[in-house]
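Comments concern the structure below.
The values are calculated or read from the model by the stated rules, or taken from the named source; none is laboratory data. Because the structure is predicted, anything quoted here is derived from the model rather than measured. Cβ placement follows ideal geometry from the backbone for every residue including glycine, while neighbour counts extend to all protein chains displayed. These area figures cover heavy atoms from the full protein model, side chains too; ligands, DNA and RNA do not enter into them. Shrake-Rupley method; radii C 1.70, N 1.55, O 1.52, S 1.80 Å.
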Amino acid sequence: MAEPAGLYIHIPFCARKCSYCDFYSVADLSLKNAFSKALAQEMRFYAGLAVPIDTLYIGGGTPSVLDPGEIECILTQARRCFNILPDAELTLEANPGSISAGSLSDYRRSGINRINIGIQSFQDRVLGFLGRIHSAEDGGESIRRARRAGFSNIGLDLIYGIPGQTDASWLSDLETAVSFGPEHLSCYMLSYEKGTPLELRLRQGRFKAMPEERVAGLYLKTTQWLAQNGYMQYEVSNFARPGPDGAGYQSRHNRKYWSFAPYLGLGPSAHSFLEPVRFWNPRSVQSYVDRLNAGRLAIEDKEMLTPRQQMMETILLGLRTTAGIRVDRFNEKFKLNFPDVFGTVLPELEEAGLLRMEKNRCFLTRHGMLLLDSIIDRMVRAGTEKI
Ligand code: SF4
């Protein structure tokens with residue numbers, strides 16, 4: 001059987017745009033019905049894809065702005081068009097401001113078996129700064145409701161590195177999150193994405209960003225504190241509780257992105273990767289709908305990854321994970337010898353305590369993960385000289 005693929009569905013709507021967000025979504029819901037029809041059509045176009053699907057992730061945007069009936073239609077159409085395996089992980093992203101007890105029960109009944117809630121913070125000051133539509137109380141209530149609705153696999157997203165945030169206030173957010181016993185936690189550093197209202201306010205000098213060394217300190221505290229409290233780090237920003245198998249409650253879907261596995265992305269702005277081709281849809285609901293209504297695929301552009309690009313991606317994605325790069329697979333795929341290719345950089349990085357080579361894998365230490373971009377840059381430069 002072919003390697004199972006992931007299916008990602010991008011819901012391009014949010015009740016309101018958060019000030020830091022550069023994901024593609026619009027707060028105008030007038031195209032909601034047109035989008036749903038176009039999505040059903042897009043699935044029909046890809047029906048018969050020769051690979052089974054073992055993870056489906058409905059993200060966005062805010063999927064929970066869709067009625068449970070609309071989510072159910074999406075799932076029904078996905079099951080009709082694709083070979084979704086019986087034990088597939090089916091995740092829905094939800095925001096505390098847009099889920100009710102009833103809708104959560106309906107999502108669960110329609111087959112969603114994992115829910116990822118965008119909590120971001122349990123402090124109203126921070127939520128206000130980020131422009132979130134919900135309160136700290138709403139956040140806690142949404143987790144309780146998800147449990148009551150029967151979700152036994154819940155992920156929470158949190159953000160740190162907020163101006164004015166103290167170590168104590170961040171640790172209190174982590175403690176509150178863990179007190180709900182989520183199976184999965186994603187802890188993201190606040191980043192100032194170009195063109196977002198928050199980045200504009202920063203440039204205007206209306207507040208000061210947290211200094212980098214303080215953010216780094218919070219990152220190290222996060223990994224340490226979560227490890228002490230039963231959450232295993234498996235990627236720069238992702239932590240999971242142990243579970244029935246070795247991978248515990250890691251997000252099976254997100255692991256596909258980091259392991260270079262195939263995935264199909266549907267909806268505006270969604271990206272797909274079916275080796276060696278990457279392709280993506282337009283960042284516009286209107287042009288997505290127009291293209292599908294005109295009877296053609298919505299693809300905006302595509303690129304064929306060269307061996308050099310594939311090597312770069314293998315390094316870039318592999319080093320994000322605590323498992324790191326599998327050396328035997330790398331050697332086999334690129335017909336190279338890993339230690340020879342990176343011989344000029346590995347000893348130095350190991351000596352600096354940033355990277356380790358162990359048995360069959362090459363991975364970054366916690367301190368190395370803080371310098372991820374510059375380490376990747378050095379490795380890619382060394383690697384591309386040899387390919
Ligand atoms: S809810 Fe999520 S996707 Fe929507 S604007 Fe906020 S951060 Fe972005």
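Quick check: anything in the stretch 149-168 among the hydroxyl-bearing types (S, T, Y), more than 16 Å from the ligand (Cβ to nearest atom), under 27 Å from A15 (Cα atoms) and open to solvent by less than 70 Å² (accessible area, probe 1.4 Å)? No, the conditions are met nowhere in the stretch 149-168.
Results for (1) open to solvent by less than 20 Å² (accessible area, probe 1.4 Å); (2) under 30 Å from V51 (Cβ atoms); (3) out of contact with any Lys or Arg (no Cβ under 6 Å at 6 or more places or on another chain), shown as yes or no for each residue.
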{"site": "N95", "(1), (2), (3)": "no, no, yes"}
{"site": "I112", "(1), (2), (3)": "yes, yes, yes"}
{"site": "S121", "(1), (2), (3)": "yes, no, yes"}
{"site": "R132", "(1), (2), (3)": "no, no, yes"}
{"site": "S135", "(1), (2), (3)": "no, no, yes"}
{"site": "G139", "(1), (2), (3)": "yes, no, yes"}
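The sole residue among D290, D328 that is among the charged types (D, E, K, R), open to solvent by less than 70 Å² (accessible area, probe 1.4 Å) and in a helix (DSSP H, G or I) is D328.
Against the list (1) in contact with a Gly (Cβ under 9 Å, 6 or more places away or on another chain); (2) open to solvent by 10 Å² or more (accessible area, probe 1.4 Å); (3) more than 16 Å from the ligand (Cβ to nearest atom), the condition L7 fails is (2).
Of everything listed in (1) part of a loop (DSSP other than H, G, I, E, B); (2) surrounded by 19 or more Cβ atoms within 10 Å (Cβ to Cβ), the single unmet condition for L174 is (1). Listed by position, the strands (runs of 3 or more DSSP E) contained in the stretch 211-273 that have at least 3 residues being farther than 30 Å from A298 by Cβ are 232-235. If only residues of the stretch 48-84 that are modelled with pLDDT under 95 and small (G, A, S) are counted, the one that is surrounded by the fewest Cβ atoms within 10 Å (Cβ to Cβ) is A50. In this structure, is A94 in contact with a strand residue (DSSP E or B) (Cβ under 6 Å, 6 or more places away or on another chain) and among the hydrophobic types (A, V, I, L, M, F, W, C)? Answer is yes for this residue. Checked against (1) part of a helix (DSSP H, G or I); (2) open to solvent by 50 Å² or more (accessible area, probe 1.4 Å), S191 passes all but a single condition, namely (1). Identify, please: which residue in the stretch 17-35 is among the polar types (S, T, N, Q) and surrounded by fewer than 17 Cβ atoms within 10 Å (Cβ to Cβ) and is, among those, farthest from the ligand (Cβ to nearest atom)? Among those that are among the polar types (S, T, N, Q) and surrounded by fewer than 17 Cβ atoms within 10 Å (Cβ to Cβ), it is N33.
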